[in-house]
Amino acid sequence: MAGQSISEVYFAVCAQHQIKINPHVLEVLKKTRTTENVTLNLSGNDRLRHIQRLDDDDVLALTKCLSNNTSVTGLDVSYNNITDEGAGHLADLLQEGNSALNRLDLMFNDILTDGAEALAKSLQGNSSLLSLRLSGNKIGNSGAMHLASTLQVNNTLQELQLADCDLATQSVMALTIVLKSNKSLRSVDISRPLLFSHQEEWAVHLSEMLAVNSSLVELHLGKMGMTDSGMERLTEGLQLNHSLRYLDLRCNRVTRDGVRHLAEVLKKNPSLEVLDLSSNRIEDEGAVYLSEAVTRPGCILRELSVRSNNIRTEGLLSLANTPLTHIYIWGNHLEEPVCRAFKQLIASGRLLPEQTDVSAYEVDGHMFLAEVFNGLRRRYYSTDTHSDSNTATDTHSDPNNATDTHSDPNTTTDTHSDPNTATDTSITNATSPDATVPAHILEQPQVPLQSC
């Protein structure tokens, strides 16, 4: 098949294996230029147009096309109908020594334990794959255990996403134990496991891992059910860790007492740059703890999300008077002093409009804040070392939003955020006939805040 384009190879493979041609796959392959470092974007969550989602036969055809192909280094087949059989085909491709694939995105398919086992076995001998995203596939405890076993011998994988995979306590603890010795992983996401114990044993193991791991830069622990006790255990390890830059603790049960321990870490170990505490309950006292830590000399935390934390005026004003460059506060009690403070921050240029999730407007002499759909970047570390202009389709889009996701890293229209998060750009501006609204606000989608 030398000299043939990848679309011509696809035609030949489908004919040979009697596979029906998928119009979506064919369209993407025709647009693909056969140069170096191409990413095939075949995600199935395009809401702007109807596409035929990929199944296991389509994956078989793709793997045959990519065999001996040195141009395609990334494959995004997220949000499709791929099962364990399709995962097996991809595992066969990864086991071949002539595959150039280094990024594989399988998020939100129908892969279960057997598929995860096949992928795990293929990684034992694979030395090219850098990123594996399996979030949203119900691989369960057994599937995660297979992957944890693989990480004992694989020393090339740098990113592993296992959010919403129904991990249990055993597999979470196994992954953290492996990370004590694994030196290649830079980013790990184990958000939303199924943890039924209230003793938070996993937090102890995570703490021990963080105390000795010197390679991990990004850790996602959202929806873990973490309490103040778990936070206290976690911070014991964080105090000894000097590599972690991004910590995601959203949607847990952390209160002001837990944040007090975290603030002490920020004072003593200033390695964290990005912190997500959205949807906890830190309240005013917790916000004050954080602001005191951020203003300490040496602290490099610059991006903070405290959305929906029951914070009132005192706490929000204390955060407004910090050197934070990105701050996200929607969902708290945004009373008029807070509205005026954030208006001044944005007007002065100290807080850029795209680096916060609120925008001020005035009605009848009263100041209000409207929500703007910006948010903390969902990813810090990326294996995409090449700015790929040859990606066959435009972006990894959020399932509820077709907005470009490779533009501003600080927008919430990120590559794969929560699939249940809606980002509707058709929402009416939060204005009234009497409102005095700056021109730049009218260009942004907003919803009105509860009145002050």
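The values are calculated or read from the model by the stated rules, or taken from the named source; none is laboratory data. Since the model is a prediction, treat every value here as computed from it, not as a measurement. All Cβ positions, even for glycine, are placed from backbone atoms using ideal geometry, and neighbour counts span all protein chains on display. Please note that ligands, DNA and RNA were not included when accessible areas were found on the heavy atoms of the full protein model with its side chains. Shrake-Rupley method; radii C 1.70, N 1.55, O 1.52, S 1.80 Å.
Evaluated against (1) outside any loop (DSSP other than H, G, I, E, B); (2) within 20 Å of the chain's Cα centre (by Cα); (3) surrounded by fewer than 17 Cβ atoms within 10 Å (Cβ to Cβ), LEU194 falls short on exactly one condition, (1). Based on this model, can you work out whether LEU40 counts as touching a residue at least 60 places away in the same chain (Cβ under 8 Å) and out of contact with any Leu (no Cβ under 7 Å at 6 or more places or on another chain)? It is false that LEU40 is touching a residue at least 60 places away in the same chain (Cβ under 8 Å) and out of contact with any Leu (no Cβ under 7 Å at 6 or more places or on another chain). For first residues located in the range 217-234 and under 8 Å from GLU200 (Cβ atoms) and open to solvent by less than 30 Å² (accessible area, probe 1.4 Å), partners that are outside any loop (DSSP other than H, G, I, E, B) and small (Gly, Ala, Ser) and lie 6+ apart or on another chain with Cβ distances below 9 Å form the pairs MET226/ALA203; MET226/GLY258; GLY230/ALA203; GLY230/GLY258. When we screen ASN390, ASN410 for residues that are within 26 Å of TYR289 (Cα to Cα), touching a strand residue (DSSP E or B) at 6+ places or on another chain (Cβ under 7 Å) and at pLDDT below 50, the only hit is ASN410. Of the residues making up the range 300-328, those that are closer than 14 Å to LEU247 by Cβ and open to solvent by 10 Å² or more (accessible area, probe 1.4 Å) are ILE300, ARG302, GLU303.
Only one of the listed residues (LEU369, LEU334, LEU376) is buried (at least 19 other Cβ atoms within 10 Å of the Cβ), in contact with a strand residue (DSSP E or B) (Cβ under 6 Å, 6 or more places away or on another chain), closer than 27 Å to GLY222 by Cβ and at pLDDT below 95. That residue is LEU376. When the range 26-52 is limited to residues that are touching a strand residue (DSSP E or B) at 6+ places or on another chain (Cβ under 9 Å), of a type outside the set (Asp, Glu) and more than 14 Å from TYR79 (Cβ to Cβ), the one that is surrounded by the fewest Cβ atoms within 10 Å (Cβ to Cβ) turns out to be THR34. For the range 111-124, a residue qualifies if it is more than 20 Å from the chain's Cα centre (by Cα) and of a type outside the set (Lys, Arg), and the qualifying residues are LEU112, THR113, ASP114, GLY115, ALA116, GLU117, ALA118, LEU119, ALA120, SER122, LEU123, GLN124. For the range 300-359, the set of residues classified as free of Cβ contacts under 8 Å to residues at least 60 places away in the same chain and among the hydroxyl-bearing types (Ser, Thr, Tyr) consists of SER308, THR313, SER318, THR322, THR325, TYR328, SER348, THR356, listed by residue number.
Taken together, the residues in the range 246-268 that are surrounded by fewer than 18 Cβ atoms within 10 Å (Cβ to Cβ) and either assigned to a loop (DSSP other than H, G, I, E, B) or of a type in the set (Phe, Trp, Tyr) (or both) amount to 1.
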